[in-house]
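What follows is a set of notes on a single structure, which appears directly below.
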Amino acid sequence: MTQNSHNSVFVRKVDAETLPPPQNEMGIRGWLWRNLLYSVTDYSSVSAALRSLAMIFFTVLVSYVGLTQLWLLLDFVFFSAVWSDPTGIKREACWTLSQGGTLPDDWHAACWPFIFAKLKFLAYGPYPMDELWRVNVTGLLGLAGLCWVLIEALPYRRLVGVLMLTAYPVIALILLTGGASEANYFNATAYIFVGLALITVGRLGQRDLLGIVASDFASIIGFVGWSLIVFQVLMLIFSVDVGLKPVGTGDWGGLMITLVVAVTGIVVSLPLGVILALGRRSNMPVARLLCTIFIEFWRGVPLISVLFMASVMIPLFLPEGVNFDKLMRALIGVMLFSAAYMAEVVRGGLQAIDKGQYEAAEAMGLTYWQSMRQIILPQALTHVIPGIVNTFIGLFKDTTLVSIIGLFDLLGAGKSAIADASWSSPVQAISIYLFVGFIFFIFCFGMSRYSIFMENKLSKSRSH
Amino acid sequence: MAGKSRTSSNMVVKDEVMISMQAVNKWFGNFHVLKDINLTVNKGERIVICGPSGSGKSTLIRCLNRLEEHQAGTIKVQGIELNNDLKKIDEIRREVGMVFQHFNLFPHLTILENCTLAPIWVRKTPKADAEAIAMKYLERVKIPEQAHKYPGQLSGGQQQRVAIARSLCMEPKLMLFDEPTSALDPEMIKEVLDTMVSLAEDGMSMICVTHEMGFARKVANRVIFMDEGQIVEQNEPEEFFQNPQSDRTKLFLSQILGH
Ligand SMILES: Nc1ncnc2c1ncn2[C@@H]1O[C@H](COP(=O)(O)OP(=O)(O)O)[C@@H](O)[C@H]1O
Ligand SMILES: [Mg+2]
């Protein structure tokens, strides 16, 4: 086994043994070594010793500060908190002796009875009490559908997904508003006929029967026709009286509005963002210009001013008597705003795709949309999952801004709960803000975890 | 090796023209990359294109399936002229397979999915049939056992063979190869070349950009030498290598053959 380094001729006669790794690499000892001891056990020189000592000092300091803060929080929220108000004295349940209550003077912790009392209001806002089941059914249906789509083991995931994107919004809207909106049957019929005409023109154009109409343009005409018909049919569906008591969006509030705005924003912004991103990279100058202008405009204005304009400016331009729902306006604002951000995230992903992928797809004869759908987007979107979820989370938290136009989202509902004098106490505000903050955290953290799960799954299946 | 394994040129169908390029010119901006290219390829021909880097070899074969657009002259593939008519371009791309230097497999799809994608979406073959075809060609390139792996799990040589199988799944009439072995480690070049040789022996029409002169000798019935965007010399392989006419060809051959 000895090897003479001066001798340039060497032939191995015995194979080198395959040995297990050193102890430090394995098991609990290895873990402790790598994560804790490795940086603090080297005293072989003055500088190494100083570094080790500094590491010990900072480890202890950070642990101490972190743990004491955590303890303070837990103590505030759980151990010292007031949990019940059996005698129904409301605010006095959370008063200290000097304030006229029964708690010790140095007491400072969460007032849970207040939150329990406001739970319904935080969840539904001023939605009529007798009709809450409608919100619950909508929510449970949505949750069930979402879980079905997210859990890989279940069958028919694609079908459920399609239903969640088509039938579910219609059902949800009818349940939540009660349907029976006003409809002008004459106009609706007229529009449907116009739509049919447009579809026919589109069809003819695609078969080169009209000569002048290029086939791209024909598909756009056909698409407009379809949209018109779908829209009018939806309006007719919404006008059917299903016997539910109408509840205007003005009576919606709390977590319910937060979720409606966030979910609509999330569901619409991704496909819209993808289309905008593709448009911005397309060869067609008009599409590129329009998409670029759209993206830069919506990224250039703050969401607050978008919402403000949606609620104040748009009505000025609409003709007298046309009443465009306030929530609807906010929704559109949020959707377009987040679509612009999404578009830039997706564009980043598209840029990371090798040119060879496009060429291979083209050389096989895939059409533009086929190669986008099958080759480019699956890869591009996988690359930017963190960015996409980042945008989702940002959007979720930005929904709090709808309170600027008088919609009571979760945070707004919390604020107006604080204004309730019958529960007024020094810990009233902080209790509710902690609670509301916690709800936001759960949703955002959930999205973050799911995205990490997806990333791991995708990277596992695709690499070595 | 020349005599025995040399693919006989009687597979060439003289009167069935696969490709005709007439006075083709192309520019990248001001740069004149293809200059007056005239080339006719008959069915069953195996053509090797060589030449120094940057001489326009890739551009030339990429014009044949419209990955690049030519600006002057006419290119006909199977009698269909390449112009801005998208339907005709799609028609040609269905019949012309292409293998790239860097394989360009789709990393998010399994080997089998890579191979069935185009038949399913372009030819509208039912999935089961497409999979049967894919397995047939994966066996042909000798890696059926890798069908359910992802491209990232395969060696370079295996990936390039998958890329060849993927093209074959469209049952093309003509195969274009753009330096299929240049990105491979030396020990993997042979397995890819063997695959290509066996394709040639089955009578596939092919145009290969390659510097593998052994391959050219073995299967090509014509070798084309390009320099600075022009076809400088073309000849049968024996003549081409033993008796090059142009000085540029001599220089090039001495550079790649002699050390
Ligand atoms: N898309 C392009 N835009 C501008 N110049 C290009 C482009 N593609 C290739 N070229 C140039 O055209 C010349 C020929 O390129 P190419 O056909 O790839 O050569 P080869 O394959 O023979 O090495 C090179 O000088 C290259 O720099
Ligand atoms: Mg090249």
Query raised in the report: Considering A:Val77, A:Val60, which residue is within 30 Å of A:Asp420 (Cβ to Cβ) and assigned to a helix (DSSP H, G or I)?
Result: A:Val77
Query - Residue match in the range B:136-143 (condition: in contact (Cβ under 8 Å) with a residue 40 or more places away in the chain and at positive phi) - result: yes
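Which ones in the range A:164-207 are among the small types (Gly, Ala, Ser), over 30 Å from A:Val260 (Cα atoms) and loosely packed, with under 15 Cβ neighbours inside 10 Å? Working first, answer last.
To start, the set of residues in the range A:164-207 that are among the small types (Gly, Ala, Ser) comprises A:167, A:172, A:178-181, A:183, A:188, A:190, A:195, A:197, A:202, A:205.
Right, trim to over 30 Å from A:Val260 (Cα atoms) and you get A:190, A:197, A:202, A:205.
Those that are among the small types (Gly, Ala, Ser), over 30 Å from A:Val260 (Cα atoms) and loosely packed, with under 15 Cβ neighbours inside 10 Å: A:Ala190, A:Ala197.
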Query raised in the report: Would you call B:Ile61 under 20 Å from B:Asn38 (Cα atoms), buried (at least 19 other Cβ atoms within 10 Å of the Cβ) and more than 8 Å from chain A (Cβ to nearest Cβ)?
Result: yes
**Report entry** Top-ranked residue of the range B:5-32 - restricted to ones that are closer than 21 Å to B:Glu45 by Cβ and charged (D, E, K, R), ranked as modelled with the highest pLDDT
**Finding:** B:Glu16
**Report entry** Number of the exception - B:Gly73 against (1) surrounded by fewer than 22 Cβ atoms within 10 Å (Cβ to Cβ); (2) farther than 21 Å from A:Met364 by Cα; (3) within 16 Å of ligand 2 (Cβ to nearest atom)
**Finding:** (3)
Report summary line: Within the range B:44-70, residues among the basic types (Lys, Arg) and within 16 Å of ligand 2 (Cβ to nearest atom) come out as B:Lys57, B:Arg62
Query raised in the report: Out of all the residues in the range A:242-255, is one or more modelled with pLDDT under 85, in a helix (DSSP H, G or I) and closer than 30 Å to A:Ile405 by Cα?
Result: yes
**Report entry** Residues (part of a helix (DSSP H, G or I), within 30 Å of A:Asn390 (Cβ to Cβ) and in contact with a strand residue (DSSP E or B) (Cβ under 9 Å, 6 or more places away or on another chain)) located in the range A:408-429
**Finding:** A:Leu410, A:Gly412, A:Ala413, A:Gly414
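If only one of A:Ile376, A:Ile405, A:Ile353, A:Ile388 is surrounded by fewer than 18 Cβ atoms within 10 Å (Cβ to Cβ) and either at positive phi or β-branched (Val, Ile, Thr) (or both), which one is it? Working first, answer last.
Details: A:Ile376 fails: surrounded by fewer than 18 Cβ atoms within 10 Å (Cβ to Cβ); A:Ile405 fails: surrounded by fewer than 18 Cβ atoms within 10 Å (Cβ to Cβ); A:Ile388 fails: surrounded by fewer than 18 Cβ atoms within 10 Å (Cβ to Cβ).
Matching residue, one of A:Ile376, A:Ile405, A:Ile353, A:Ile388: A:Ile353.
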**Report entry** Of all residues in the range B:77-94 being more than 9 Å from every other protein chain (Cβ to nearest Cβ) and crowded, with 17+ Cβ neighbours inside 10 Å, the one that is farthest from the chain's Cα centre (by Cα)
**Finding:** B:Leu82
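Here's the yes/no breakdown for (1) within 14 Å of another protein chain (Cβ to nearest Cβ); (2) without any contact (Cβ under 8 Å) to a residue 12 or more places away in the chain:
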site: A:Leu290; (1), (2): no, yes
site: A:Ile295; (1), (2): no, no
site: A:Ala330; (1), (2): no, no
site: A:Glu344; (1), (2): no, no
site: A:Ile353; (1), (2): yes, no
site: A:Gly356; (1), (2): yes, yes
site: A:Thr367; (1), (2): yes, yes
site: A:Gln370; (1), (2): yes, yes
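Return the only residue of B:Ile256, B:Ile224 being modelled with pLDDT under 90 and either not in a loop (DSSP other than H, G, I, E, B) or not basic (Lys, Arg) (or both). Before you say what the answer is, go through the steps one by one.
Values: B:Ile224 fails: modelled with pLDDT under 90.
It is B:Ile256.
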Query - Per-region count, the range A:129-152, residues more than 19 Å from A:Leu410 (Cβ to Cβ) and surrounded by fewer than 14 Cβ atoms within 10 Å (Cβ to Cβ) - result: 7
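Out of the residues in the range B:38-58 meeting the condition of being within 11 Å of B:Val24 (Cβ to Cβ) and surrounded by fewer than 20 Cβ atoms within 10 Å (Cβ to Cβ), tell me which one is nearest to ligand 1 (Cβ to nearest atom).
Taking the range B:38-58 as the starting set, the residues that turn out to be within 11 Å of B:Val24 (Cβ to Cβ) are B:38-39, B:56.
Cutting the leftovers down to surrounded by fewer than 20 Cβ atoms within 10 Å (Cβ to Cβ) gives us B:38-39.
Details: B:Asn38: 18, B:Leu39: 15 Å.
Among them, the one singled out is B:Leu39.
The values are calculated or read from the model by the stated rules, or taken from the named source; none is laboratory data. Note that the coordinates shown come from a computational prediction; the quantities given were computed from them, not determined experimentally. Here the Cβ is made from the backbone with ideal geometry for all residues, glycine too, and neighbour counts use every protein chain on show.
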